[in-house]
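What follows is a single structure, written as structure tokens, with notes after it.
The values are calculated or read from the model by the stated rules, or taken from the named source; none is laboratory data. Quantities reported herein were computed from a predicted structural model and do not represent experimental measurements. Heads up, the Cβs are rebuilt from the backbone with ideal geometry, glycines too, and the neighbour counts pull from every protein chain shown.
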Amino acid sequence: MGRIEITGKTLEYLYYAVTLAALVPLLVILVWPFDSVADLAVAVLLVSLALATAVGLWRRKTGRDPQHLGTDEDIAWDPIAYPGQAAKDRWLKAVRRLPGDDEDD
């Protein structure tokens, strides 16, 4: 009997599929007869969540999701609040100032 391997990517895609599959019926059940402005607001919210999920899945699948953790664009990059990041930043600056070949990095 063969082993079935489930990778993290497979679980991630399964999560996206289940989320999208749950949002569409929820949209139909909750807001289909547009009786008030609140129904319209809920519909816009659920449709925007479904679109954001679909776009996120597409970006991950095509490899267009940027990898910017630990860079200046990272929203959580704060060397003052996180001493570990400040120490890493100082260490990287010190290594860049060292004389010698760049091949030793």
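Of all the listed residues (41, 21), the sole one being within 29 Å of residue 8 (Cβ to Cβ), among the small types (Gly, Ala, Ser), in a helix (DSSP H, G or I) and modelled with pLDDT of 80 or more is 21. Within the range 14-29, can you find the residues that are surrounded by 12 or more Cβ atoms within 10 Å (Cβ to Cβ) and either touching a helix residue (DSSP H, G or I) at 6+ places or on another chain (Cβ under 7 Å) or β-branched (Val, Ile, Thr) (or both)? Residues satisfying the conditions are 16, 19, 20, 23, 24, 26, 27.
Evaluated against (1) among the hydrophobic types (A, V, I, L, M, F, W, C); (2) modelled with pLDDT under 80; (3) not in a helix (DSSP H, G or I), residue 6 falls short on exactly one condition, (2). Considering the range 24-36, the residues that are assigned to a helix (DSSP H, G or I) and modelled with pLDDT of 75 or more include one that is nearest to the chain's Cα centre (by Cα), namely 24.
Kindly indicate the residue of the range 51-97 that is of a type in the set (S, T, N, Q) and surrounded by 10 or more Cβ atoms within 10 Å (Cβ to Cβ) and also modelled with the lowest pLDDT among those meeting that condition. Lay out the reasoning, then the answer.
Looking only at the range 51-97, we keep the residues that are of a type in the set (S, T, N, Q), and these are 53, 62, 67, 71, 85.
Retained after the next criterion (residues that are surrounded by 10 or more Cβ atoms within 10 Å (Cβ to Cβ)): 53, 85.
Details: 53: 77, 85: 74.
My answer is 85.
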